[in-house]
Structures are given as structure tokens and as C-alpha cells.
Amino acid sequence: MAKLAVPPLLSLRHFLVLSIALNVSLILRTVYYESEKGSKGFCLNKKMMADADSDREGHLIHKSRLAMSSTSSLVNSTRADHPGGRETVINLDHGDPTIYERFWRQVGDKTTIIIPGWQSLSYFSDGSNICWFLETEFAREVVRLHKVVGNAVTEGRHIVVGTGSSQLILAALYALSSPDAAEPISVVSAAPYYSSYPSMADYQKSGLYKWAGDAENFDKEGPYIELVTSPNNPDGHRRKAMVNRSQGQFIHDLAYYWPQYTPISSPSDHDLTLFTVSKTTGHAGMRIGWAIVKDKEVAKKMTKFIEISTIGVSKDSQLRAAKVLKAVSDSCEQENSQDGESFFTHSYNIMAQRWKQLRAVVEAGDLFTLPQFSPAFCTFFGQETEPQPAFIWLKCEGDIEDCENLLREHKIVARSGRHFGASPKYVRISMLDTDETFIQLIDRLSAIQQGK
């Protein structure tokens, strides 16, 4: 069958040009139509961001000064017609610390590292160290950061690195237990306690240790291990050991003892103290934590546990963590001589703003209540500050017996107080998610209060 001949005046080139022209015209008309349609929404979003920025600017620490100006709330900035709206589930069950992303984006390449292919081939970092897989650079930056912040004694101590503080808790339980004991040693913590403590103690059904519940109700004679979390997860209060008997041993979990969460009163000076990068700087994905240990033999046993379970800890993660901790210390030491905030000033300001907005919403009704905290002098900031925990310990008042279920009905996923050894009238909600998620949370809590 013969093909249609194309007349010379309408060559393939002419068709191509005509097609491009028609497509460009269509695109321009579409853009014009959408811009007309969405201009009001754009202006509203721009105003919301400006309000948020002005709210933040007047709120806390600029170098060494604390300003408590009144701030407007962002309660009304997320509406039901917002993309996703109130039909989107917001999961605040975990403390995923994405709140810190903005700061680290601003830092840029200061925390970028390049690891050549030949590096980190060996299992060993420092064969002369008790913790032989501890990277020297990481250990140095840990000591430096604690000195800058003033929240822990490191002199004369042993540092043991772990894959997050979760592995270090298990290593500590192993190190403080006796293999020759007639029965497993009791592990306790005062309620409300960190929800993972019971499963950590019992998951492997170890013959060395066993979960024994709330420290306040513990009356068994003999040796025991008490987990002391301060500031406490979930309620944010400062804690001391509860049992205090002669055969007790203690693990102090100080994951949140940093100035963005609580006033730093003095350097912690305990036999065994745990910290983690995830809650210090927000880098949960690195899976790096560290223990500061007084007793050499305990440090050896903790190292042995990690050697048996994972043959050490990732060198790459340690090197990256060292770079991040260095950036934090640098930002603190250089804050008075450069423009911009230190990491802890930036983080404190965001947390202060969020807690102020949260309290405004909760206090506008009588359905919910929050813990109350007293301000205290913070040696790091050199002034009085208020605790502002990483989690909301929210209580449903009145005849609501299951607060978790109430929030789920409004597409908010939180963790019931039952998991913390407390009443189901309580829930734990993360304060560490993104700005957008936090604003959605505030909006929904306000709507629940208003019966919407």
C-alpha cells in the first residue's frame, strides 16, 4: 500500500515546529490557570511560615540571653483540607528524631566524611584499649562533648561503644550479673519506666537476669539491678535510684540529659552511665551509643558481650558520629564569635516553642493534662531554663479510660501507658517528629478538645 506523500510545504520539520508550539501554548495556559487557582493557598502558606519564623525568633536563647516573648500559636495552620488532612495517620509512637534535620541541613558539608575502600578492613581499632573496637577519634569527641556541656564526668573512666544504647543496656545487664548465682538477678525500674526495659530483660529468657517490675514495689531481698532513667522516658522528670539497698547495682540511662531537654545541673558521676547519639544529635540511624564505666572489670565484661554478639561496632558509624559530635562541640565553642546558633541553642529554641504551643492547646480545655516542671539553673546556658522533654506524657481526664484508643480514633498513633507500667489513661507521644507532623498533632488535639 502506498504511503501518503508529504507535500514539500509541510515537511517533517514543519510538523515538528508546529507540535512544539502547540505543546508550549498548552503548558503556559495550564500554568496560568493553576497559578490563578492556587495563589490564595500560596499566600496562606507563606504567611504560616512567616508566623512560624517570627514565633521562633522571639522565643529563647540568643547567645547567653533568654527572651520569653509572647508567641502566636500554629494551631490553625493545618486544616482538614490540608493535603492529607485529618484522614492521614500520624505515627508518634516512636521517638524518631527528625526534628533535627533542619539544623543539619544548614550545617552543610561540615559533617561530611569520605571513607576510602581500603579503610576499616580490620576488626580492631585499638588493641591496647579494653574496648578494642572503640575508634580513638570517636572516644576523643565523646570526652570533648561532655566537657563542653558539663553533663558527665569522663576522667578516670572507661568508654565502651555500642550499637545504640539498647545493646549497651543488655551488655550492662550481662556485666552486672553473676553466672554463679542460684537464680537470675532481679531487674527493676520505677514506673512509669521505659517501655522496652521489660522485653530487654526477658526477651532471651536469660538465666542471668529477669524483669521484676516497678522499683517502688520491689521488696525482694538479695541482689538487684535498678535501671534509672533521668530525665525519665516517658514523663520527663528527673530521677534518682528508688530502691537503695546494700546489694543494689545501678545502670543510669541518661539519653536525655542534654540541655535541649533539661537543665544541666552538674556532671553525672555514676558507676555506669549510658548515652546515645540518637537523642543527643538526632542521628538515630547511625546506631551508636556509649557507656561511661568506672569499674575496669565491668567495662571488660560489657566489651565481651558486644564481642560475642556483634564482634564489635561499625567503624564507619563511629567515624561519622565523631564528625557529628565535633560539629556540635565546635558550634558551642564558636557561638559567641560567629553568627548563628549552637546546636543546643537551636534545639532548645525549637523544643521551647513546641512545648509552649502544646501547653496552650491542652490548657484551652479540660480533656487533657500534662506534667508540670519547675525551672532550674542550667550550667550550660548559664541561666534558668525549664525542662522540655522529648515525649509528651499526656493524660486523658474524666471518664476516658483508654487514651490511646481515643487518639487512634483521630488518626494519632501513640503508645499506651500500659507499656510503661502505668494507667491506660496515659499515652506517650513523641515531640521529635517534623514540623509538619507536629503542627498536625496540635491541630488534632485542639479539634478533640473542641469535640470536632
- Item | Under-5 Å amide H pairs with Ala255, H placed in peptide plane, nonlocal only | Ser230
- Item | Whole-Hz couplings from phi, Karplus 6.51/-1.76/1.60, listed for the range 142-158; x for Gly and Pro | 5, 4, 4, 5, 5, 5, 5, 7, x, 10, 7, 7, 10, 5, x, 10, 9
- Task: May I ask for log10 I(q)/I(0) of the range 122-210 at q = 0.20, 0.26 Å⁻¹, from a Debye sum over the Cα atoms as equal point scatterers with solvent left out?
- Result: -1.05, -1.22
- Please go through the range 364-438 and write out the GluC sites (Glu not before Pro) that DSSP classes as loop and that have at most 11 other C-beta atoms within 10 Å. Glu401
- Item | Equivalent-ellipsoid semi-axes of the range 319-415, from the Cα gyration tensor, Å, largest first | 35, 17, 11
- Suppose R0 equals 25 Å; then what is the FRET efficiency for Gln372 and His410 from their Cβ-Cβ distance, rounded to the nearest 0.05? 0.50
- Relative to the compact globular guide of 2.2 N^0.38 Å, what is the alpha carbon radius of gyration of the range 231-290, as a ratio? 1.22
- Task: Determine the alpha carbon to alpha carbon distance for each of Lys356/Lys395; Lys205/Lys301; Lys147/Lys304; Lys279/Lys425; Lys210/Lys240 and list only those over 23 Å.
- Result: Lys147/Lys304; Lys279/Lys425
- Query: Could the peptides 219-226, 352-359, 340-347 be put in order, highest first, of the mean number of other beta-carbon atoms found within 10 Å of their residues?
  - Reply: 340-347, 352-359, 219-226
- If you build the Cα gyration tensor of the range 183-226 and take the root of 5 times each eigenvalue, what three semi-axes come out, in whole angstrom, biggest first? 15, 15, 6
- Message: Can you give me the accessible area per residue for the range 136-332, using a 1.4 Å probe, in Å²?
- Response: 39 Å²
- Item | Leading residue at positive end of dipole, the range 136-332 (Cβ point charges), from Gly156, Thr273, Ser314 | Ser314
- Message: Test of understanding: express the Cα radius of gyration of the range 248-328 as a ratio to 2.2 N^0.38 Å, with N the residue count.
- Response: 1.18
- Message: On the Cα set of the range 113-166, report Rg and Dmax in Å, please.
- Response: 13.0, 37
- Debye intensity ratio in log₁₀ form over the Cα atoms of the range 136-332, taken at each q of 0.14 Å⁻¹: -0.78
- Message: Rounded to the nearest 20 debye, what is the charge dipole size of the range 136-332 about its Cα centre when +1 sits on each Lys and Arg Cβ and -1 on each Asp and Glu Cβ?
- Response: 640 debye
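The values are calculated or read from the model by the stated rules, or taken from the named source; none is laboratory data. Being a predicted model, the structure only gives us computed values, none of them experimental. All Cβ positions, even for glycine, are placed from backbone atoms using ideal geometry, and neighbour counts span all protein chains on display. Ligands, DNA and RNA are excluded from the accessible area calculation, which covers all protein heavy atoms including side chains. Shrake-Rupley method; radii C 1.70, N 1.55, O 1.52, S 1.80 Å.
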